[in-house]
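Read through the structure below, which is laid out as structure tokens, and then see the notes.
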Amino acid sequence: MRPFIKILVLLLVPVLANAQQHLPDSTIKALKNASNDSLRYRAKMQAYLYFEETNRDSALYYANQTLLLARKNDKQLQIARSLASKSYQLIGIGRYAEALKGLLQAFSIAEDPKNASSSWILIPQPTPEKNRLLILSTLHHMFGILMDRTQNTEQALFHFKEGKKIAIEINNSQRMLIADMNIGNTYLDLNKIDSAFIFENEARAIAIKSGQQKYLGYILGCLGDIALKRGDKATAKQFYYEAAHSSGEQNNLSGLYSNYFRLTNFYLAGKEKDSSLYYAIKTLQTFKAIGQATGQHINIGVAYENLYHSYKLRKQLDSAFKYAGMALAAKDSINKNRIASLAQFQTLSFKEQLRLQDLDKEKVLYQSKVKAYAAFAGLGIFIIIVLILYRNNLQKHKANKTLEKTLTNLKTTQTQLIQSEKMASLGELTAGIAHEIQNPLNFVNNFSEVNTELIEEMQHEIDKGDYDEVKAIANDIKENQQKISQHGKRADFIVKGMLQHSRTSTGERQLTDINILADEFLKLSYHGLRAKDKNFNAELVTHFDENLPKVDIVQQDIGRVLLNLFNNAFYAVNQKAKTAGPGYKPTVEITTFALPSGGWGAKVRDNGNGIPDAIKDKIMQPFFTTKPTGEGTGLGLSLSYDIVVKGHGGNLEVDTREREFTEFTIKLPIQ
């Protein structure tokens with residue numbers, strides 16, 4: 001629920017129920033009577049602010065107009081302000097690269113104190129320097145929104161906090177309120193409930209004290225989410241009602257929508273069929289009103305989906321089926337940049353459609369019996385039954401087509417996610433490869449230089465006729481050449497390993513030395529993390545079974561499994577090292593062994609924080625991850641499990657103790 005609410009509130013607050021597409025008379029008059037560029041800029045900025053949240057096309061037009069005037073007069077702070085306005089609109093329509101370019105240009109202007117005097121005094125701050133700081137605070141807010149929309153949560157949090165810091169310095173209550181509101185919401189996304197409550201509560205206090213009520217509905221809704229996460233349903237419900245009432249008073253349609261949406265889900269979770277249906281209908285009505293007010297296409301599928309769940313709860317299957325189909329038809333409007341969310345939604349929709357198909361089959365069987373009994377009642381009843389069957393068969397065919405399309409989309413998305421996971425691990429390999437390949441290259445270069453010197457010396461001895469010395473030098477050259485060949489082959493092995501990892505697996509099996517394969521990927525994984533965090537260190541411990549014979553495996557696949565396990569192990573000890581204190585020594589171990597029944601095994605062990613029992617059974621599920629947003633796809637262990645169990649007929653097991661260790665064991669039989 002939260003991503004849909006967040007996107008709407010960040011980009012549409014406040015949408016007015018009576019939003020007009022024409023400027024007020026006062027603004028039109030100001031535009032007409034402006035006698036100089038300063039007044040023209042002020043009037044066009046007023047026009048921009050009027051359309052800022054209600055019509056992005058018009059807002060973008062006036063943002064460009066103010067930018068032209070500012071550049072014409074070389075008013076640097078106004079250039080920065082106009083770039084911020086334009087970038088905000090570009091974020092709203094998904095043109096993130098252009099928005100980033102504009103914001104970076106604006107930052108370069110606003111961060112230079114020399115530009116404080118190069119501006120028209122239009123913003124209500126007492127000094128040019130405070131005008132500059134106000135624009136800088138606004139820019140941090142805009143940049144935070146951009147980072148949030150592109151899933152850079154930590155960066156979003158940083159910029160929201162920077163914006164607040166400046167707002168406090170210039171004592172601007174509106175900017176402090178907006179900063180607290182967004183910081184609290186970001187902490188809620190990170191599941192840091194206590195921090196989220198502190199900032200949202202502070203935002204509510206500022207809103208009430210300063211009389212800035214237009215954001216209050218959104219703040220109260222977030223406080224409701226926090227209460228719900230704490231298990232306090234009564235308080236959550238009270239906040240949701242207060243939030244909806246406040247949004248209604250402010251004619252804030254997006255706030256009203258988000259809180260109706262929250263109430264719908266609240267009552268669905270409690271299986272309260274009448275209340276859930278009431279608020280699901282209100283959500284749909286408000287959602288449609290938002291689209292009309294803003295002139296934008298907004299995905300309505302989530303509202304349809306809630307209606308489907310509400311009707312299903314009431315056992316009104318015809319209506320439930322209708323809205324399930326409409327939800328599927330609208331799914332293309334869902335944010336395509338959020339691949340993992342899309343896959344989860346499509347998976348959910350696919351499962352729900354399978355259940356609906358089972359219900360449909362039960363209805364067909366029932367109606368077939370009715371047909372048999374009704375045949376005795378006469379031709380009229382028979383015709384009615386035929387019509388009913390025809391309608392149901394038509395619905396069934398439509399459902400099958402929808403299911404086929406959903407399955408195709410799901411498979412495509414899964415393929416994209418698997419490729420994304422593979423490329424992410426390939427990126428982590430790159431830094432390790434750079435370090436590992438340097439060692440054999442240094443040997444090759446050094447021995448090559450020594451051989452060059454020895455050849456020159458040998459030529460000198462030939463001229464002298466001392467052939468015993470010539471033979472001794474030749475033997476040295478031969479030994480050096482063998483070392484060059486040895487280290488060249490090592491570099492070749494590393495490069496081939498990278499290329500094999502990056503290619504799509506052909507499924508071709510090769511005889512492989514597991515000890516060498518494990519050792520290479522252990523070092524590559526370690527140096528990959530070291531490239532990201534220079535302060536990170538860990539002890540690498542190897543226990544290789546020297547008598548282990550070469551095994552017949554798909555190298556690319558088993559290499560990916562080992563890399564995933566090593567990456568997870570180093571991530572775990574790195575996280576623990578940040579809080580465990582100076583006495584903690586991060587350690588990752590790899591052990592290889594032969595199975596008594598034939599085959600081989602490997603254990604990857606770390607002394608990190610371990611895995612809580614509550615989630616131990618979920619770690620192999622696709623898309624499940626404990627890493628922060630943007631740091632993991634939740635596919636690494638799932639893909640590893642598929643490769644070991646389905647691809648090689650083996651076992652992948654986990655042994656863990658919370659706050660002490662985690663150990664993954666691979667066991668592969670002889671095939």
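The values are calculated or read from the model by the stated rules, or taken from the named source; none is laboratory data. These figures come from a predicted structure and were not determined experimentally. Here Cβ is always computed from backbone atoms with ideal geometry, including for glycine, and neighbour counts include all displayed protein chains. Only protein heavy atoms, including side chains, enter the accessible area calculation; ligands, DNA and RNA are left aside. Shrake-Rupley method; radii C 1.70, N 1.55, O 1.52, S 1.80 Å.
Karplus-based coupling profile of segment 601-610, in residue order and whole Hz: x, 8, 10, 10, 10, 10, 9, x, 7, x, with θ = phi - 60° in 6.51 cos²θ - 1.76 cosθ + 1.60 and x standing for Gly or Pro. So what is log10(I(q)/I(0)) for segment 75-208 at q = 0.10, 0.15, 0.18, 0.21 1/Å, when the Debye sum runs over its Cα atoms only? Those come out to -0.32, -0.70, -0.97, -1.20, one per q.
Proximity of backbone amide H atoms, modeled 1.01 Å from N, is registered between Thr587 and Glu539, Asn607 at under 5 Å, excluding neighbours fewer than 5 places apart on the same chain. Split the accessible area of segment 180-269 by element, probe 1.4 Å, and carbon with sulfur accounts for 51%. Is the shape of segment 216-319 rounded, prolate or oblate, going by the alpha carbon gyration tensor and its root eigenvalues a ≥ b ≥ c, with a/c under 1.5 for rounded and a/b larger than b/c for prolate? Oblate.
The apolar share of the surface of segment 47-139, taken as the fraction of accessible area on carbon and sulfur atoms (1.4 Å probe, ligands and nucleic acids excluded), comes to 54 percent. Sorting the segments 563-571, 102-110, 382-390 by their residues' average number of neighbouring beta-carbon atoms within 10 angstrom, most packed first, yields 563-571, 102-110, 382-390.
Add +1 for every Lys or Arg and -1 for every Asp or Glu among the other residues with Cβ under 12 Å from the Cβ of Asn451, and state the total. So the surrounding residues net to -4.
With a 1.4 Å probe and every protein chain left in place, work out the accessible area per residue of segment 26-104 in Å², rounded to a whole number. Intermediate results must be reported in sequence, preceding the final value.
Values: 3550 Å² over 79 residues.
Counting only protein heavy atoms, the per-residue value for segment 26-104 is 45 Å².
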